[in-house]
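Here is the structure we will look at, set down as structure tokens.
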């Protein structure tokens with residue numbers, strides 16, 4: 001196979017992604033896996049080392065013939081920091097994350113987010129996070145690196161490219177909100193927004209090591225017992241994050257991943273066929289819980305088999321699902337698969353709890369910084 005003559009930012013982006021996915025890889029391995037000339041790899045990697053985003057690590061033993069220990073490459077976590085925030089109706093969760101995906105700190109608040117003062121409230125939340133996270137004696141410490149960007153995740157129909165919130169049932173946003181101009185443009189660092197389930201998918205693409213993920217489904221399950229959430233949807237909300245070809249798929253109109261069970265009849269805002277009252281009592285009604293979990297498993301199984309995903313990630317309020325949900329999903333996957341050979345699907349529960357959207361929002365911001373060429377500042381060779 002011939003080597004590519006690819007140069008410039010596309011090469012740099014591919015190299016950074018591969019180093020991030022395969023920590024402690026080598027220059028030789030990069031050239032082989034990416035199909036690039038060794039000289040191209042050497043030049044690009046040296047430039048990244050000079051800028052401080054990639055570091056060299058001498059690991060293992062020298063060969064039996066002597067010589068130096070092998071030199072491996074990794075992303076330098078201290079190059080910079082990212083804040084990920086999930087916005088809910090009457091609460092928010094924020095994480096401070098370094099470039100290796102390690103969570104350095106967490107902050108929560110109970111600000112009520114209303115359409116009338118949306119931008120000022122969000123800017124106030126961001127200000128609180130920066131003050132708590134980035135103080136000289138804060139969790140990042142004096143050597144934590146600068147703040148590179150901010151990612152925000154929330155429920156609703158969001159155009160991440162234009163930076164607009166087109167519709168959000170949880171936050172009662174019924175007409176477009178220009179997040180890019182009302183919030184992002186007023187900050188001194190890049191700030192991005194996306195749907196909460198999409199953020200979760202970005203988090204897996206950004207921070208999962210070694211799986212070489214390309215096509216997968218992220219199932220975000222959130223169960224809240226506050227009056228507004230129960231009144232809107234019985235407290236249970238589900239969204240899908242869909243990754244195709246190593247990118248989160250947003251769909252023709254930016255609405256991909258919105259979920260409503262195939263078992264629902266007629267129009268309505270409930271995502272499942274059970275009544276709002278039944279859904280609000282999932283913790284205490286075993287029959288309602290069993291029916292809802294099976295309904296979710298059937299819907300997920302149909303999508304996974306149709307799209308031929310090889311990974312399913314499940315995160316959020318995983319306690320409401322129960323420990324047997326992966327087994328239930330596996331059974332439904334096998335039942336809806338028509339062929340004699342087994343269906344090879346990895347099902348993984350993501351155990352980050354209710355901070356999963358914030359973590360994913362940090363990953364989404366990292367990906368946007370990378371794709372928009374702003375993570376390294378001035379252009380590189």
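The values are calculated or read from the model by the stated rules, or taken from the named source; none is laboratory data. What you are looking at is a predicted structure, and each value in this text was computed from that prediction instead of being measured. Please note: Cβ atoms are built from the backbone with ideal geometry, for glycine as well, and neighbour counts cover all protein chains shown.
How many residues are assigned to a strand (DSSP E or B) and under 20 Å from residue 221 (Cα atoms) if we restrict to the range 152-172?
7
So, in the range 290-315, how many residues would count as being in contact with a strand residue (DSSP E or B) (Cβ under 8 Å, 6 or more places away or on another chain) and more than 22 Å from residue 212 (Cβ to Cβ)?
Count: 3.
So if I check each of 251, 245, which one is closer than 29 Å to residue 96 by Cα and either touching a helix residue (DSSP H, G or I) at 6+ places or on another chain (Cβ under 6 Å) or surrounded by fewer than 22 Cβ atoms within 10 Å (Cβ to Cβ) (or both)?
245
Check 295, 277 and return the single one that is assigned to a helix (DSSP H, G or I), exposed (fewer than 14 other Cβ atoms within 10 Å of the Cβ), over 22 Å from the mean Cα position of the chain (by Cα) and not assigned by TED's automatic domain parsing to the domain that holds residue 194.
277
If we keep just the residues of the range 327-352 that are surrounded by 14 or more Cβ atoms within 10 Å (Cβ to Cβ) and modelled with pLDDT under 90, which is nearest to residue 303 (Cα to Cα)?
So, considering only residues that are surrounded by 14 or more Cβ atoms within 10 Å (Cβ to Cβ) and modelled with pLDDT under 90, the one nearest to residue 303 (Cα to Cα) is 343.
Conditions tested, residue by residue: (1) crowded, with 19+ Cβ neighbours inside 10 Å; (2) assigned by TED's automatic domain parsing to the domain that holds residue 185; (3) closer than 21 Å to residue 199 by Cβ; (4) at pLDDT 95 or above.
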position: 90; (1), (2), (3), (4): no, yes, yes, no
position: 96; (1), (2), (3), (4): yes, yes, yes, yes
position: 103; (1), (2), (3), (4): no, yes, yes, no
position: 109; (1), (2), (3), (4): no, yes, yes, yes
position: 116; (1), (2), (3), (4): no, yes, no, no
position: 139; (1), (2), (3), (4): no, yes, no, no
position: 143; (1), (2), (3), (4): no, yes, no, no
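I'd like the full set of residues that are within 17 Å of residue 248 (Cα to Cα) and either surrounded by fewer than 20 Cβ atoms within 10 Å (Cβ to Cβ) or without any contact (Cβ under 8 Å) to a residue 40 or more places away in the chain (or both), limited to the range 161-195.
If the condition is that a residue be within 17 Å of residue 248 (Cα to Cα) and either surrounded by fewer than 20 Cβ atoms within 10 Å (Cβ to Cβ) or without any contact (Cβ under 8 Å) to a residue 40 or more places away in the chain (or both), then 161, 162, 163 are the ones that fit.
For residue 294, state whether it is touching a helix residue (DSSP H, G or I) at 6+ places or on another chain (Cβ under 7 Å) and more than 21 Å from residue 153 (Cα to Cα).
The answer is yes for residue 294.
For the range 322-339, does any single residue satisfy the condition of being over 22 Å from residue 242 (Cα atoms), touching a helix residue (DSSP H, G or I) at 6+ places or on another chain (Cβ under 8 Å), in the same structural domain as residue 238 (by TED's automatic domain parsing) and in a helix (DSSP H, G or I)?
yes
Given the condition loosely packed, with under 15 Cβ neighbours inside 10 Å and more than 14 Å from the chain's Cα centre (by Cα), answer yes or no: does some residue in the range 357-370 qualify?
No; the residues of the range 357-370 include none that is loosely packed, with under 15 Cβ neighbours inside 10 Å and more than 14 Å from the chain's Cα centre (by Cα).
For the range 185-204, state whether one or more residues are in the same structural domain as residue 165 (by TED's automatic domain parsing), assigned to a helix (DSSP H, G or I), modelled with pLDDT of 90 or more and more than 22 Å from residue 307 (Cα to Cα).
Yes, the range 185-204 contains a residue that is in the same structural domain as residue 165 (by TED's automatic domain parsing), assigned to a helix (DSSP H, G or I), modelled with pLDDT of 90 or more and more than 22 Å from residue 307 (Cα to Cα).
Only residues that are exposed (fewer than 14 other Cβ atoms within 10 Å of the Cβ) and closer than 23 Å to residue 218 by Cα: list them for the range 264-274, please.
Matches in the range 264-274: 269 only.
Filter the range 205-220 for residues that are surrounded by 21 or more Cβ atoms within 10 Å (Cβ to Cβ) and modelled with pLDDT under 95 and give the result.
The answer is 205, 206.
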